[in-house]
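Just so you know, all these numbers are worked out from the coordinates, no wet-lab data involved. Just so you know, these numbers come straight off a predicted model, no measurement behind them. Glycine also receives a Cβ, built like all others from the backbone with ideal geometry; neighbour counts cover every protein chain displayed.
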Amino acid sequence: MSEKKSINFTVVPHEEKEGERVESIYSNFCAVSHTPFDFTLTFCQMRPLSEKDFAGTPEGATQTISAPVKVKVVVPANLIPALAAALQDNLRIYKDAYSNVGWAKGKLGGKVH
């Protein structure tokens, strides 16, 4: 009978062809929903709003604006804690690196320095 061994490994993204550009999709809005089994991140691209978007809407009324969906990512629920931790880690690193840049200040999940 063979002895069981413990092996540690790290999974890293791998581009199929060296130098080939992977399509990037820009999104400036993300809606999150969930089922008992997974979370869905729906990434959209919002355009700047204008007066035309609100023409004829009474003051104080609620307006719904459609944002074109660019991609949906479905993540199994058991991966969400690791995803949240990775985002927090990267946000901390980002804030440390760019805290002196005006656009990096503000509502990024923490205090303004």
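Can you give the extra length, in nm with one decimal, that the chain gains between Thr40 and Glu59 once fully stretched, where that is 0.36 nm per residue apart less the Cα-Cα distance? Don't skip to the end; give the middle numbers.
On the way: separation 19, 0.36 × 19 = 6.84 nm, distance 3.35 nm.
Between Thr40 and Glu59, full extension yields an extra 3.5 nm.
Taking the longest Cα principal axis of the chain as reference, the axis of helix 80-98 is set at about 70 degrees.
Relative to the Cα centre, what is the charge dipole magnitude of the chain, using +1 at the beta carbon of each Lys and Arg, -1 at the beta carbon of each Asp and Glu, and rounding to the nearest 20 debye?
Working: 13 positive and 12 negative charges, 64 e Å.
Its charge dipole is roughly 300 debye.
At a Förster distance of 25 Å, what's the computed FRET efficiency of Leu49 paired with Lys72, Cβ-Cβ distance as r, to 0.05?
Details: r = 23 Å, r/R0 = 0.93.
For Leu49 and Lys72, the calculated efficiency is 0.60.
Note on region 29-104: Cα convex hull, mean projected area over all directions, 7.9 nm².
Residues in region 60-76 carry Karplus couplings, in order, of x, 6, 8, 10, 9, 10, 7, 10, x, 6, 9, 6, 10, 10, 9, 10, x Hz; the curve used is 6.51 cos²θ - 1.76 cosθ + 1.60 with θ = phi - 60°, and Gly or Pro positions show x.
Using 0.36 nm per residue of separation minus the Cα-Cα distance, give me the extension gain between Glu3 and Ala86 in nm, one decimal.
Values: separation 83, 0.36 × 83 = 29.88 nm, distance 3.41 nm.
Computed gain between Glu3 and Ala86 is 26.5 nm.
The H on the amide N of Asp38, modeled in the peptide plane, is under 5 Å from the matching H of Ala77, each at least 5 residues off or on a different chain. Annotation: the residues Thr62, Thr57, sorted from fewest to most other C-beta atoms within 10 Å of their own C-beta, follow the order Thr62, Thr57. Relative to the Cα centre, the charge distribution of region 43-103, modelled as +1 at Lys and Arg Cβ and -1 at Asp and Glu Cβ, gives a dipole magnitude of about 220 debye.
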